[in-house]
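The values are calculated or read from the model by the stated rules, or taken from the named source; none is laboratory data. Here the structure is a predicted model, which means the values were calculated and not measured. Ideal geometry is used to build each Cβ from the backbone, glycine not excepted, and the neighbour counts take in all protein chains shown. Side chains are part of the model used for accessible areas, which takes the heavy atoms of the whole protein and leaves out ligands, DNA and RNA. Shrake-Rupley method; radii C 1.70, N 1.55, O 1.52, S 1.80 Å.
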Amino acid sequence: MLSRGRLTIIRDSIMSIPAFDEIIEQNDQTEARLASLNALRELTGNVYPNKFARTMVSGSEDTITAIKAFGPVAKVVEEIAAVVATLAERERPPAEVKDALNERLRAFGIVRISGRLTTPPRGNFVHLTDGISKLQVYCDKKGGVALVKNDGLDTLDAENGWNAWKLLDHGDFIGVEGYLFITNTGELSVHIEKLQFLAKSMLPMPDKMHGIADAEIRQRQRYYDLIGSSLAVEHEGLTTREVFEVRAKTISSLRRFLEDAGYVEVETPMLTPKATGAAAKPFETHHNALDIKLYARIAPELYLKRLVVGGFEKVYELNRNFRNEGISYKHNPEFTMLEFYCAYMDVEGMMDFCEELMRDSVRKAAGGLQVKYEGKEIDFSKFERITMRESILKYAPDAEITDANITELFDEHAEPNLIQPTFIVDFPKSISPLSKADPKDPNIAERFELFINGMEVANGFSELNDPREQYERFVDQMAQREGGDEEAMVLDEDYIRALSYGMPPAAGIGIGIDRLVMLLTNKHSIRDVILFPHMRPEKKDSSDAAETKED
RNA sequence: GGUCCGAUAGCUCAGUCGGUAGAGCAAGUGGCUUUUAACCACUGGGUCGCAGGUUCGAGUCCUGCUCGGAUCACCA
């Protein structure tokens with residue numbers, strides 16, 4: 001570790017490095033916390049110990065959530081809650097009921113749990129959180145509490161448990177050893193016998209009742225937002241933590257469903273020499289050693305179909321794509337897409353499978369097929385199928401539809417009205433360069449898009465596997481590119497070569513995961529379902545003008 | 001890029017007609033010690049986003065700017 005003096009010399013010689021106090025502004029709050037940290041150091045030695053071993057009373061590691069979910073403990077909590085429910089406002093549960101339950105809790109012996117203080121310690125109670133659940137702990141001044149010193153030997157200091165307790169701040173981490181009991185008011189708690197200090201919070205905690213009002217801080221400092229959601233006493237809708245639990249469940253259920261159906265997960269390049277496979281503007285970067293331009297992929301599509309050529313009959317990738325376009329409530333520069341391909345399937349089969357897949361995922365992540373979204377109820381139990389033309393006429397009966405204006409009319413009249421899950425089929429072939437034509441109509445592509453709440457959630461088609469026709473479609477795209485359409489698709493010569501080896505008939509789909517999660521979590525903005533959404537660089541408003549030049 | 005809204009204590013927010021800068025929480029001190037959303041009492045804490053203007057006087061009115069949000073445009 002650098003000495004302070006040397007640190008200052010280094011910092012002063014490199015102008016662009018801010019001082020610690022410039023990053024973490026010092027004020028009365030941080031000074032108070034520093035004072036208590038120093039006082040704790042006197043008592044406990046190291047204030048940043050390396051570990052805390054939790055017990056396995058619940059059958060697995062005793063996180064707070066695990067202890068509270070542990071059957072016999074949950075049963076006791078349920079029983080006391082039933083008793084408390086019959087009591088008047090200030091009335092206490094009868095001692096004999098409480099004592100009987102406490103006897104049952106004592107049977108579990110000693111537990112060791114740890115977590116963050118959800119309030120400043122007030123009196124001799126405080127709640128700890130493991131990020132999801134809270135559990136109260138009780139520090140008995142009269143009975144005596146030992147402090148576990150962080151000297152590497154866990155030396156017990158019988159005198160100073162209470163003194164250390166008084167130095168705890170809102171947000172600190174502690175570990176406690178003790179026994180479970182029910183308090184006079186009927187709450188499950190841990191009676192602390194040994195207290196160990198684990199880590200300090202040097203900054204104030206978010207407002208417990210109101211949360212963090214500033215959306216920018218919520219998104220930029222997601223850790224702070226998540227702390228807030230673990231402290232929240234009451235809240236409407238899902239906490240931030242719960243949103244990302246739903247996201248995780250959505251993704252894991254999609255993976256499980258696909259794997260159960262025989263799909264193999266693969267990873268294809270994120271850095272690609274050509275940005276193709278979708279109509280979008282790419283991010284560019286440069287490979288120094290090779291001295292070539294590379295693009296962050298806009299879609300894995302053409303790589304996945306190369307794998308179908310190679311014999312992966314069912315293949316999927318669930319990962320990030322990057323598009324250098326505008327940011328909006330439904331667009332983030334990097335977003336997560338599930339793409340998969342199934343040999344010998346056509347667009348109809350893919351729509352059927354997509355329905356099953358999404359139903360399974362919605363059921364597992366949201367708990368049912370009816371999902372409340374912004375005052376509407378979205379019903380995933382039935383997916384409508386309607387042609388693009390029909391959908392326009394449904395909402396604009398007098399529209400005069402031509403090949404040239406059909407997508408424009410669709411975007412304007414139909415798309416915003418497609419609230420319930422709806423597959424739009426019969427796309428113009430001209431805007432579907434990777435899609436097979438309808439055998440009955442050469443101007444129509446065998447393609448669908450799934451719309452929910454006016455948002456495109458999925459896009460799939462019967463995959464074009466005739467290499468010569470694919471070549472011609474690319475040439476057509478390149479011509480449009482010459483004509484100024486920056487998003488027209490780029491010819492991929494190696495992909496033509498791959499198709500020339502023969503690709504079986506196949507259907508493929510891309511599903512926008514972020515948008516699906518928005519629907520399942522009742523979030524209006526894609527930024528609320530991405531942990532660290534793209535933000536403008538943080539501006540330091542104060543002092544230090546003329547810094548941060550990128551040489 | 002256009003339009004609208006916002007920025008006041010560490011956090012969440014009030015601030016009337018332009019007249020001494022406010023509350024709750026958080027923090028400090030003392031009390032209490034089986035409490036219950038945030039116990040009781042007292043204390044400290046402000047570049048009112050930045051710059052300029054009008055005015056005897058600006059958190060408040062005007063202009064410009066910065067940052068953010070919403071929305072439109074853009075984005076099959």
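Against the numbered list (1) at pLDDT below 90; (2) open to solvent by 50 Å² or more (accessible area, probe 1.4 Å), A:LEU87 comes up short only at (2). Within the stretch A:170-182, the residues that satisfy the criterion of being within 11 Å of RNA strand B (Cβ to nearest atom), open to solvent by 10 Å² or more (accessible area, probe 1.4 Å) and under 21 Å from A:ALA146 (Cβ atoms) are A:TYR179, A:PHE181. Listed conditions (1) under 20 Å from the mean Cα position of the chain (by Cα); (2) crowded, with 18+ Cβ neighbours inside 10 Å are all met by A:PRO333, apart from (2). Scanning the stretch A:194-232 for residues that are under 18 Å from A:PHE532 (Cβ atoms), open to solvent by 20 Å² or more (accessible area, probe 1.4 Å) and part of a loop (DSSP other than H, G, I, E, B) yields A:ILE212, A:ASP214, A:GLN221. The residue that is modelled with the highest pLDDT, counting only those in the stretch A:533-547 that are within 13 Å of RNA strand B (Cβ to nearest atom) and surrounded by 10 or more Cβ atoms within 10 Å (Cβ to Cβ), is A:PRO533. Looking only at residues of the stretch A:309-330 that are of a type in the set (A, V, I, L, M) and either within 21 Å of the chain's Cα centre (by Cα) or farther than 13 Å from A:THR268 by Cα (or both), we find that the one that is least open to solvent (accessible area, probe 1.4 Å) is A:LEU318. Residue count for the stretch A:49-81, restricted to those that are touching a helix residue (DSSP H, G or I) at 6+ places or on another chain (Cβ under 8 Å) and open to solvent by less than 40 Å² (accessible area, probe 1.4 Å): 7.
Is one or more of the residues making up the stretch A:463-486 assigned to a strand (DSSP E or B) and surrounded by 22 or more Cβ atoms within 10 Å (Cβ to Cβ)? There is at least one residue in the stretch A:463-486 that is assigned to a strand (DSSP E or B) and surrounded by 22 or more Cβ atoms within 10 Å (Cβ to Cβ).
Filtered by the rule that a residue be away from RNA strand B (no atom under 16 Å from the Cβ) and modelled with pLDDT under 90, the stretch A:402-432 gives a lone residue, A:THR402.
The set of residues in the stretch A:70-100 being touching a residue at least 12 places away in the same chain (Cβ under 8 Å) and assigned to a helix (DSSP H, G or I) consists of A:PRO72, A:VAL73, A:VAL76, A:VAL77, A:GLU79, A:ILE80, A:ALA81, A:VAL83, A:VAL84, A:VAL97, A:LYS98.
For the stretch A:101-132, which positions are part of a loop (DSSP other than H, G, I, E, B), touching a Lys or Arg at 6+ places or on another chain (Cβ under 8 Å) and within 14 Å of RNA strand B (Cβ to nearest atom)? Result: A:THR118, A:THR119, A:PRO121, A:ASN124.
Here the condition is being within 30 Å of A:ARG363 (Cβ to Cβ) and at pLDDT 85 or above; of A:MET518, A:MET503, A:MET489, it holds for A:MET518 alone. For beta carbons closer than 8 Å, sequence separation of 6+ or different chains, a first residue in the stretch A:275-295 that is under 27 Å from A:GLY460 (Cα atoms) and among the hydroxyl-bearing types (Ser, Thr, Tyr) and a second that is open to solvent by 70 Å² or more (accessible area, probe 1.4 Å) and more than 16 Å from RNA strand B (Cβ to nearest atom), the qualifying pairs are A:TYR295/A:LEU271; A:TYR295/A:PRO273; A:TYR295/A:GLU284.
When the stretch A:233-262 is limited to residues that are open to solvent by 60 Å² or more (accessible area, probe 1.4 Å) and under 15 Å from the mean Cα position of the chain (by Cα), the one that is modelled with the highest pLDDT turns out to be A:LYS249.
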